[in-house]
Amino acid sequence: MISTTASEVAFDSKAAARRSFLLVFSCTVIGALAQILVKQGTAQLGAHHLHLTLGQVLHRPELFVQFSLDMMTNLKLFIGYCMYGVNTFLMALALKGRELSRLYPIIALTYVWVTILSLFVLPDEHLNFFRTMGIVFIVGGVSVLGLRK
Amino acid sequence: MKTPLSSIILVLFGSFVGSFGAVFLKLGAEHMQGSLKRILNNYWLATGIVLYLLSSVFYMMGVAQGQLTVLYPMVSIGYIWAIVWARLFFKEPFTRSKIGGLAAIIVGVALINLGNA
């Protein structure tokens with residue numbers, strides 16, 4: 001018979017907590033990489049899809065259908081979407097028996113990674129004082145959402 | 001280069017649609033029953049997934065143009081909708097931290113827009 005001492009249980013839950021922390025942290029990195037791929041993929045979709053406005057799309061559903069079909073044949077979008085899928089699966093693993101709200105501060109890091117990666121990888125991106133402060137406020141805001149009180 | 005307002009509106013609209021996706025997924029999870037057949041027949045779940053897919057198309061139409069450093073942070077507005085729907089549909093109370101977080105997110109999104117000049 002296997003008996004578990006109290007200290008072993010404590011160690012176990014600590015290890016589980018560390019595991020879910022690491023999983024969610026990886027999710028933020030994978031998610032940010034997926035965002036970059038999605039941005040690059042949509043930029044490849046062709047000039048006729050640029051300058052779309054919400055009004056046009058709502059009035060002419062065929063524009064929406066055409067865009068959706070073109071999305072499906074773009075490799076970068078496909079890889080980006082697969083990464084979303086992997087992310088969702090990893091998140092579900094990480095959150096098993098754990099509260100999502102306590103992990104918000106880590107999840108909010110995605111905004112930081114997307115910004116940094118954009119600056120390094122994408123053309124025409126830049127930061128300024130307002131944008132940087134905007135990110136700080138958003139990360140702070142998302143982080144406190146899950147607090148108890 | 002400035003990020004066009006049309007892109008910002010598409011991304012914001014996408015996150016609005018996506019927030020309803022979350023509501024239906026939650027409804028679906030509450031009606032979740034064991035067997036695979038039951039899960040496939042769970043219309044709440046299916047509606048939630050369809051709304052998520054629709055929202056991602058709007059998001060992609062938005063990011064096709066403009067800067068990701070401006071557009072991606074706009075997604076955080078989705079949290080605002082989520083908290084409001086949670087209050088309306090699931091009677092989840094507004095807490096002090098939710099209101100504080102909400103305010104900070106709104107200020108953050110406003111600052112990003114200010115920085116888009």
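Each value in this text was obtained by applying a stated rule to the coordinates, not by laboratory testing. For clarity, every value in this text was computed on a predicted model and none was experimentally measured. Cβ sites come from the backbone with ideal geometry, for glycine too, and all protein chains shown count toward neighbours.
Give B:K26/B:K91; A:K39/A:K76; A:K14/B:K98; A:K76/B:K2; A:K14/A:K149; A:K14/B:K26 a once-over and call out the pairs whose C-alpha atoms are over 18 Å from each other. Too far apart for the 18 Å limit: A:K14/B:K98; A:K76/B:K2; A:K14/A:K149; A:K14/B:K26. About the centre of its Cα atoms, the range B:5-114 shows a dipole size close to 300 debye [charges on the beta carbon of Lys, Arg (+1) and Asp, Glu (-1) only; nearest 20 debye].
Pairs of Cα atoms nearer than 8 Å and 6+ residues apart set the relative contact order; for chain A it is 34 percent. Calculated mean residue ellipticity, 222 nm, the protein assembly as shown: -25000 deg cm²/dmol, from DSSP H runs (n ≥ 4) at -39500 (n - 2.57) each, averaged per residue and rounded to 500.
Only Cα sites of the protein assembly as shown enter the Debye sum here, all with the same form factor; the resulting log10 I(q)/I(0) across q = 0.07 1/Å is -0.27, listed in q order. In order along the range A:60-70, the Karplus-derived 3J(HN,Hα) couplings, from 6.51 cos²θ - 1.76 cosθ + 1.60 at θ = phi - 60°, round to 10, x, 5, 5, 5, 5, 4, 4, 4, 5, 5 Hz, and Gly and Pro are given as x. The base-10 log of I(q)/I(0) for chain A, evaluated at q = 0.09, 0.12, 0.13 Å⁻¹, reads -0.43, -0.70, -0.79 [Debye formula, identical scatterers on Cα atoms, solvent excluded].
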